[in-house]
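Undergrad: Below is one structure. I have some questions about it.
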Amino acid sequence: LPARRTMSVGAPKGLASSGQKPITEITHPLSAADEPLSPGVTLCPQDAGLTNGTPVETSSPASVSSLFNRLQLDDELDGDTSSETKDLFVTVDDPKKHVSTMETYITYRVSTKTTRIEFDLPEYSVRRRYQDFDWLRIKLDDSQPTHLVPPLPEKFVMKGVVDRFSEEFVETRMKALDKFLKRVADHPVLSFNPHFNAFLTAKDLNKRQGLALLTKVGESVKYVASGYKLRARPAEYTAMVEYLDTFSGKLGTMDRIAQRILKEQSEYLTELREYGSVYSSWAALEEELQRPLEGVAGSVSTCCRAMEDLSENMSQDFLPVLREYVLYIESMKNVLRKRDQCQAEYEGRLEAAILRRQEDRTPVPAEVEKCQDKVECFNADLKADWERWQRNKRQDFKQLLTGMADKNISYYEKCQSAWESLITVLQDKQTEDKTSETN
């Protein structure tokens, strides 16, 4: 191959960039509109790991064991954006139920505060339902195929098992939607996507046009995948896939065991309530033992409330994080598949160009170089998002496990305190009995 030109990467408006040419004058190969086999991708914005548009080799794991070492929880969590430097804040709250003749659904208030020049106002407040969030995720995945788009909570629930209009379900979903938007808002590229801007500001989303475009893009991606076959995935991306498979299996096992624990806690709680009520009814029949028996009933009741809190924490805080990361794994696998498609396209075009050159000594066409630039841009964006995902994962699981430890400590402390108070009651009763015998 002849000497290749340096790849240049465009940056979204408002992001700092470095290089000899102004960022607005740089044209990235992913923006070429006449590429027949390109999967309809848009500009590849500059990420923090890129300088002057040239992909920088970031540290990538070489083996599954080294990848798993990154799961270790340490106190040196780098890469967190300080609230002093953030310029976009998004929250999801205030769920409301809407009932009409055609359907019943929940909407959530999406509040935005920002100092970015891409927004006309510093604050916005709109109401969105789940399908609006799903539209945003699809548009981000469509327009930013080289980046990892955070997952949404599952849309469908089993009827008769989970009431999707219950307060608990709505609260859990609202937290998941809030986390989704915050992850997008903290992303250095996705947060500048115009679809994200429209989602946060527009009173009415024109979703029909976007979905029609998505269909065409999906057909293009499918055509690319069917037209070429990847010869060999680089070892670092193979290690990523193996890690994701192993991590997914671990999360699945944790989820199944946690579900069983919740079920056993629920059964234990039922028995414990019945056990406490026995002492309450017995106390009404035994005047001499009334205070000790009521003390036992009170201690059991305190343990019941502590168990309720512990189970609620597991169902509303612990399990949703596990499920979110199971979905995150699928999103990352999807990005890796698209990377493979991009590489397969490049390999196919390169092989065809080499054959033509052997026959008539024609130079390597420019479209091959464009495909190579696409692959390099995809690799750079994927590596940057992989590192960001690993940092977020370490912090999320540190908070998750710390919270779980605190809740369990609180549970046992409440139970211990309840039974210690009973000892005081029994000792007072013993003292009273001795005093009455002396008199």
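The values are calculated or read from the model by the stated rules, or taken from the named source; none is laboratory data. Quick caveat, the model's predicted, so the values are computed rather than measured. Using ideal geometry, Cβ is built from the backbone for each residue, glycine included, and neighbour counts are taken over all protein chains shown. For the accessible areas, the whole protein counts, side chains as well, though only heavy atoms, and no ligand, DNA or RNA atoms are used. Shrake-Rupley method; radii C 1.70, N 1.55, O 1.52, S 1.80 Å.
Undergrad: Can you give the charge dipole size of the range 86-205 about its Cα centre, rounded to the nearest 20 debye, using +1 on the beta carbon of Lys and Arg and -1 on the beta carbon of Asp and Glu? Let's see the in-between values first.
TA: Details: 20 positive and 19 negative charges, 20 e Å.
It works out to roughly 100 debye.
Undergrad: Rounded, prolate or oblate: which fits the range 86-205, taking a ≥ b ≥ c as square roots of the Cα gyration tensor eigenvalues, rounded meaning a/c under 1.5, else prolate when a/b beats b/c? If you can, show how the numbers build up before the last one.
TA: Details: a/c = 2.00, a/b = 1.57, b/c = 1.27.
Verdict is prolate for the range 86-205.
Undergrad: Could you tell me the relative contact order of the range 231-438? Use alpha-carbon pairs under 8 Å, at least six residues apart, and round to a whole percent. Before the final figure, lay out the partial values.
TA: Numbers: 121 pairs, mean separation 61.4, N = 208.
Result for the range 231-438 is 30 percent.
Undergrad: What does the accessible area per residue of the range 86-205 come to in Å², with a 1.4 Å probe and no ligands, DNA or RNA counted? All intermediate terms of the calculation are to be shown ahead of the outcome.
TA: Values: 6030 Å² over 120 residues.
Per-residue accessible area for the range 86-205 comes out at 50 Å².
Undergrad: Kindly report the accessible area of the range 289-367 per residue (heavy atoms of protein chains, probe 1.4 Å, no ligands, DNA or RNA), in Å².
TA: On the way: 3540 Å² over 79 residues.
For the range 289-367, the per-residue accessible area is 45 Å².
Undergrad: Related question: In whole Å, what is the distance between the alpha-carbon centres of the range 359-418 and the range 274-297?
TA: With the range 359-418 and the range 274-297 each reduced to a Cα centre, they are spaced 55 Å.
Undergrad: Calculate, in nm to one decimal, what ARG231 and THR107 gain on full extension: separation in residues at 0.36 nm each, minus their alpha carbon distance. Walk me through the intermediate numbers first.
TA: Values: separation 124, 0.36 × 124 = 44.64 nm, distance 4.71 nm.
Length gained between ARG231 and THR107: 39.9 nm.
Undergrad: Could you give me the ³J(HN,Hα) list for the range 287-300, computed from phi with Karplus coefficients 6.51, -1.76, 1.60 and θ = phi - 60°, whole Hz, x at Gly and Pro?
TA: Computed from phi, the couplings for the range 287-300 are 5, 5, 9, 4, 5, x, 5, 5, x, 4, 4, x, 5, 5 Hz.
Undergrad: Report the full-extension gain for the segment ARG116 to ALA352: residue separation times 0.36 nm, less the Cα-Cα distance, to one decimal in nm. Before the final figure, lay out each step's value.
TA: Working: separation 236, 0.36 × 236 = 84.96 nm, distance 4.63 nm.
Roughly 80.3 nm would be gained on extension.
Undergrad: For a 27 Å ceiling on Cα separation, which of these pairs sit above it: LYS139/LYS182; LYS97/LYS398; LYS86/LYS398; LYS155/LYS263; LYS393/LYS414; LYS113/LYS175? The partial results should precede the final answer.
TA: On the way: LYS139/LYS182 17 Å; LYS97/LYS398 35 Å; LYS86/LYS398 23 Å; LYS155/LYS263 24 Å; LYS393/LYS414 31 Å; LYS113/LYS175 19 Å.
With Cα atoms farther than 27 Å apart: LYS97/LYS398; LYS393/LYS414.
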